[in-house]
1. Can you tell me how many residues within the range 147-168 are aliphatic (A, V, I, L, M) and either surrounded by 19 or more Cβ atoms within 10 Å (Cβ to Cβ) or in contact with an Asp or Glu (Cβ under 6 Å, 6 or more places away or on another chain) (or both)?
2. Going through the range 68-119 one residue at a time, which ones are within 18 Å of the chain's Cα centre (by Cα) and either small (G, A, S) or assigned to a strand (DSSP E or B) (or both)?
3. Among the residues of the range 159-182, what is the count of those that are of a type in the set (V, I, T) and either in contact with a Leu (Cβ under 8 Å, 6 or more places away or on another chain) or under 16 Å from S98 (Cβ atoms) (or both)?
4. Could you please give the count of residues in the range 87-124 that are buried (at least 19 other Cβ atoms within 10 Å of the Cβ), closer than 18 Å to T77 by Cβ and of a type in the set (S, T, Y)?
5. Would you mention how many residues in the range 111-132 are among the basic types (K, R) and farther than 16 Å from Q181 by Cα?
6. Can you tell me which condition V110 does not meet? The list is (1) of a type in the set (A, V, I, L, M, F, W, C); (2) under 21 Å from R164 (Cα atoms); (3) modelled with pLDDT of 85 or more, and all the others hold.
7. List every residue pair whose Cβ atoms sit under 9 Å apart, with the two residues 6 or more apart in sequence or on different chains, where the first one lies in the range 54-68 and is outside the structural domain of A135 (by TED's automatic domain parsing) and surrounded by fewer than 16 Cβ atoms within 10 Å (Cβ to Cβ) and the second, anywhere, is among the β-branched types (V, I, T) and not in a helix (DSSP H, G or I).
8. T60 - would you say it is among the polar types (S, T, N, Q), within 20 Å of I126 (Cα to Cα), outside any strand (DSSP E or B) and under 24 Å from the mean Cα position of the chain (by Cα)?
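The values are calculated or read from the model by the stated rules, or taken from the named source; none is laboratory data. Keep in mind the model is a prediction, meaning the values are calculated, not measured. Positions of Cβ are backbone-derived with ideal geometry, glycine not excepted, and every protein chain shown enters the neighbour counts.
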Amino acid sequence: MLNGWFILGTIIWIYGLSVLKRGNLSSFYFWWGSIGLFIIGAFVFHPYLMWLVADILTNTLGIFANITHWFNVYPITNFIQINSENSSVQLFVDYECSGVIEFLAYISLVAFYPLYDRQAKIITGIIGTLWIFIANIIRLLLIIVIVRYCGVGSLFWAHSVLGRLLFYSLVIILYYNVFTQPQLVTDLNQRFLRRKNHATNE
């Protein structure tokens, strides 16, 4: 029954897109398309994306774990064990820590942003996704460092306050540059394509 409603909602969404596009209602087209794509992505791809992103995150953090020996990473179960002086604490990389919601929201907005052409959307989407991923790595490393040196009692402040503040500050910087300065992003995309073409010609 749920799949039936989902299919019906998808058909309504696509029909709404066609109506808004024919009516040249770009603002409504942007919001209708972005919200609909986010809901569809969350419904269909969320479980798979969460598993994929969590796996990449834990494996990437494993590199830092091997260098610092401050924490242990268990990629199969997506657990991070942070070692402090007298105790240890485990973090599970779930949907909140993986950043999948932020990935889906960003991609949905970029996909329907009217000021970019298709190439700019693809390049901006890739760069923004990498930015969010790196921001999440930095957030998790901050949590690990704070718990490592301040003890298990600092986990709440490190995870729920300082970590989120840092992560969303970096995401806001991304959104500001992508959605309020489209000319800057377009120029960067064009430079990237020119360098790529130049390297290919050589």
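1. Counting residues in the range 147-168 that are aliphatic (A, V, I, L, M) and either surrounded by 19 or more Cβ atoms within 10 Å (Cβ to Cβ) or in contact with an Asp or Glu (Cβ under 6 Å, 6 or more places away or on another chain) (or both) gives 2.
2. Keep residues of the range 68-119 that are within 18 Å of the chain's Cα centre (by Cα), which gives 78, 92-113.
F92, S98, G99, A105, S108, A111 - these are the residues of the range 68-119 that are within 18 Å of the chain's Cα centre (by Cα) and either small (G, A, S) or assigned to a strand (DSSP E or B) (or both).
3. Initially, the range 159-182 is screened for residues of a type in the set (V, I, T), giving 161, 171-173, 178, 180.
From what is left, the residues that are either in contact with a Leu (Cβ under 8 Å, 6 or more places away or on another chain) or under 16 Å from S98 (Cβ atoms) (or both) are 171.
Number satisfying all stated conditions: 1.
4. Number satisfying all stated conditions: 1.
5. Of the residues in that region, 1 qualify.
6. (2) is the only condition that V110 fails.
7. Partner pairs satisfying both residue conditions: none exist.
8. Here the answer is yes, as T60 does meet what is asked.
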